[in-house]
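Here is the structure we will look at.
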Amino acid sequence: MDELEFRRRAMIQPGDQQPDFLEAACANPANQRYLDEMKALEQRIAHTMSVEPPSGLAERILLKQALQQREVKQEKTRHVASNTSPNSHWRAVAMAASVAFLLGVSTRWISWPASSEQTLSLAQVAMAHVYGEEPFIEGVDERVNLQSINAKMAKYGATLSGMDGLKVTYVNHCTFYQGPALHMVIQGKMGPVTLFLVPKHVPLSLQPSFEDGTLQGEIIQLQGANMVLIGQMKEPLAPVANALQSRLHWTI
């Protein structure tokens, strides 16, 4: 086997155990050194690929992409910035704040306690998701039926007995924090109400209610999961919570 062929095979498969390949390595010290280098390189690559990504990475990427999209949109409309409504400005500021919260940075104007990344709250992660995913589900109406809802809820040990009076426009699983959660959007009186059904084992601190000046939320501890509801500041969340609680049945 010539040197060129040996190097080609060593690069493609350093662990090749074919007799002619092993013989070529033993017969030529230069070949053996090159083979050792390729084996070491393969081990480094394998080690790099085996490193676990940090917790919350998916959320950070999602929020960064959403924030970048909003910045591009704002840049395109900068010449009419003077006509921008205060509410639009607040939503942009709140979205930036949600990114800061997810990275463990506190701000002085949000109404929940500051915390480090190690002690993130369920409220913080949920609000970050709402702002981060808004560009992707805004205006979406999938006309979700009860069968679709229960097909998704089954993973969390829950079923909904009926949806009279509830208009569900979106339902799916999402990567929430160290695992999946149910993400559902319900049409409220003032606008969309976002629901997250989060398994209880998720290590996030709980607080019954929270708000950031634009959105408000409540957390209800249920039998099999924690339910988060988020809507506009004037949205009455209690009727939605009561309607859902009275129809939720658990198998866990």
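The values are calculated or read from the model by the stated rules, or taken from the named source; none is laboratory data. Since the structure is predicted, the reported quantities are computational estimates derived from the model, not experimental observations. Cβ coordinates were reconstructed from backbone atoms using ideal geometry, including for glycine residues, and neighbour counts include every protein chain displayed. The area values use the complete protein model at the heavy-atom level, side chains included, leaving out ligands, DNA and RNA. Shrake-Rupley method; radii C 1.70, N 1.55, O 1.52, S 1.80 Å.
Observations on the model:
- Classification of the range 207-252 by its C-alpha gyration tensor yields an oblate form. The axis ratio a/c (a ≥ b ≥ c) is 1.5 or more, and b/c is at least a/b.
- Of the cross-linked pairs Lys155/Lys189; Lys167/Lys234; Lys152/Lys189, those separated by over 27 Å at the C-alpha level are Lys155/Lys189.
- Per-residue SASA remark: Asp20, around 70 Å² accessible (1.4 Å probe; ligands, DNA and RNA not included).
- Centroid-to-centroid separation of the range 189-232 and the range 27-50 [C-alpha atoms, Å]: 51 Å
- DSSP-loop trypsin sites (Lys or Arg not before Pro) across the range 134-221, with at most 14 other Cβ within 10 angstrom: Arg143, Lys167, Lys189, Lys200
- Global geometry of the range 177-226, whether rounded, prolate or oblate, following the gyration tensor of its Cα atoms and the 1.5 cut on a/c: prolate
- Two numbers describe the Cα atoms of the range 116-235: Rg and Dmax, which are 13.7, 41 Å.
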